[in-house]
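Participant: Shown below is the structure under consideration.
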Amino acid sequence: MDRYEFAKTLGRKAGALAHRGFGRTAATLKGRHDVLTAMDAEVERFIRRAIAERFPDDAVIGEEEGGATSDRLWIVDPIDGTANYARGIPHYCVSIGYLERGVPTIGVIHDPCHDWLYAAERGGGAWRDDERLAVSPCDDLGAATVECGWSTRRPAQAYVDLVGRVLAAGGAIRRAGSGALGLVDVAAGRVEGYAELHINAWDCAAGIVLVREAGGFTNDFFAGDGLRAGNPLIATNAALCDKLAAVVGIPIRR
Ligand code: IPD
């Protein structure tokens with residue numbers, strides 16, 4: 001089994017494990033509005049074990065345990081949308097990305113509430129189960145919806161300004177609480193863009209592959225120290241690239 005098939009099987013199994021605790025797990029706070037459940041650690045351990053057994057020389061960076069980089073690197077968010085998960089809001093996922101020599105190569109995201117598996121391998125298109133995904137063709141910000149991701153890692157005013165700029169440019173905004181599923185929504189053409197002033201690699205490594213394979217564009221998220229320290233993120237379609245990048249202030253080089 002190659003890494004892509006392996007990742008898809010693992011994504012489904014990890015999603016099924018996570019779903020056993022959905023809405024039923026006690027939550028603590030790692031920081032202000034930064035939720036942690038026991039299941040975050042359990043799902044990450046499950047994924048790490050499976051990768052170590054099948055690809056012992058590969059490295060893993062996970063949200064809960066960190067890790068070191070290597071040429072063959074898995075980037076894992078065991079539960080993205082943890083606040084939703086803990087509150088019983090059915091919008092969370094397991095996100096498994098794989099970078100080969102720094103190039104985002106595989107992205108697998110399992111949405112346990114729908115049992116939908118989103119998967120993409122570089123050059124092979126983006127898929128939801130057997131259905132091919134494509135970004136929205138919309139070229140008008142006045143008809144576009146942009147998910148604006150939020151965390152306490154950036155000042156509240158910077159987020160308010162971001163939302164204000166998108167609204168002033170004519171866009172509609174939403175914030176649903178899972179960066180990975182926000183990128184899936186761009187890949188599936190359900191929204192026209194995703195923008196966040198700071199996001200971590202485990203939240204977006206898999207989603208970036210999905211967006212690009214669905215015909216969309218992102219900024220060079222892994223530039224600089226993006227892998228370890230996170231970066232701003234924008235994802236959108238070709239028609240809105242330049243306009244949206246200018247509005248949110250995150251450049252995309254096409
Ligand atoms: C968070 C979510 C959120 C995004 C934040 C992330 P978590 O991840 O993806 O939508 O805006 O930047 O930290 O805590 O649910 O794994």
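Participant: Roughly how tilted is helix 3-19, in degrees to the nearest 10 and between 0 and 90, from the longest Cα axis of the chain?
Facilitator: Approximately 90 degrees, to the nearest ten.
Participant: I'd like the orientation of helix 201-213 relative to the chain: the angle between its Cα long axis and the longest Cα principal axis, in ° from 0 to 90, rounded to 10.
Facilitator: 70
Participant: Per 0.36 nm of contour for each residue apart, how much would the distance between Glu53 and Arg20 grow if the chain were fully extended, relative to their Cα-Cα spacing?
Facilitator: The Glu53-Arg20 span can extend by a further 9.5 nm.
Participant: Could I ask something else about it? Compute a Gaussian network model of the chain, connecting alpha carbons closer than 10 Å, and tell me which residue from Tyr98, Tyr159, Tyr118 fluctuates the most.
Facilitator: Checking each option, the largest mean-square fluctuation is seen for Tyr159.
Participant: Using only the C-alpha atoms of the chain, find the volume of their convex hull and express it per residue in Å³.
Facilitator: Per-residue hull volume (Cα only) is 111 Å³.
Participant: Could you pull the Cα extents of the range 23-152 along its three principal axes, largest to smallest, in whole Å?
Facilitator: Computed over the range 23-152, the largest-to-smallest principal extents equal 44, 35, 28 Å.
Participant: Right, next: Can you tell me the order of 201-211, 60-70, 185-195 when each peptide is scored by its average per-residue count of other Cβ atoms within 10 angstrom, highest first?
Facilitator: Working: 201-211: 30.1, 60-70: 16.5, 185-195: 25.4.
With the highest mean Cβ count within 10 Å placed first, the list reads 201-211, 185-195, 60-70.
Participant: With axes computed from alpha carbons, what is the tilt in degrees of helix 156-168 against the longest principal axis of the chain, rounded to the nearest 10 within 0 to 90?
Facilitator: Between helix and principal axis, roughly 50 degrees.
Participant: If packing is taken as the average count of other Cβ atoms within 10 Å, what order do 224-230, 144-150, 120-126 fall into, highest mean first?
Facilitator: Ranking, from highest mean packing down: 144-150, 120-126, 224-230.
Participant: Further question: Ser70 to Ala158: FRET efficiency via 1/(1 + (r/R0)^6), r the Cβ-Cβ distance, R0 45 Å, to the nearest 0.05?
Facilitator: Values: r = 33 Å, r/R0 = 0.74.
Approximately 0.85, to the nearest 0.05.
Participant: Just report the Cα centroid separation between the range 78-135 and the range 174-210, whole Å.
Facilitator: So the separation of the two Cα centres works out to 10 Å.
Participant: Another question, then. Counting only the backbone N, which residues of the range 86-126 are under 20 Å from the spot 7 Å out from the Cα of Lys13 toward its beta-carbon?
Facilitator: 93-99, 106-113, 115-120
All of the numbers you see were taken from the coordinates with simple rules; none came from a lab. Because the structure is a prediction, the values reported are computed rather than measured. Every residue, glycine as well, gets a Cβ built from its backbone with ideal geometry; the counts of neighbours run over all protein chains shown.
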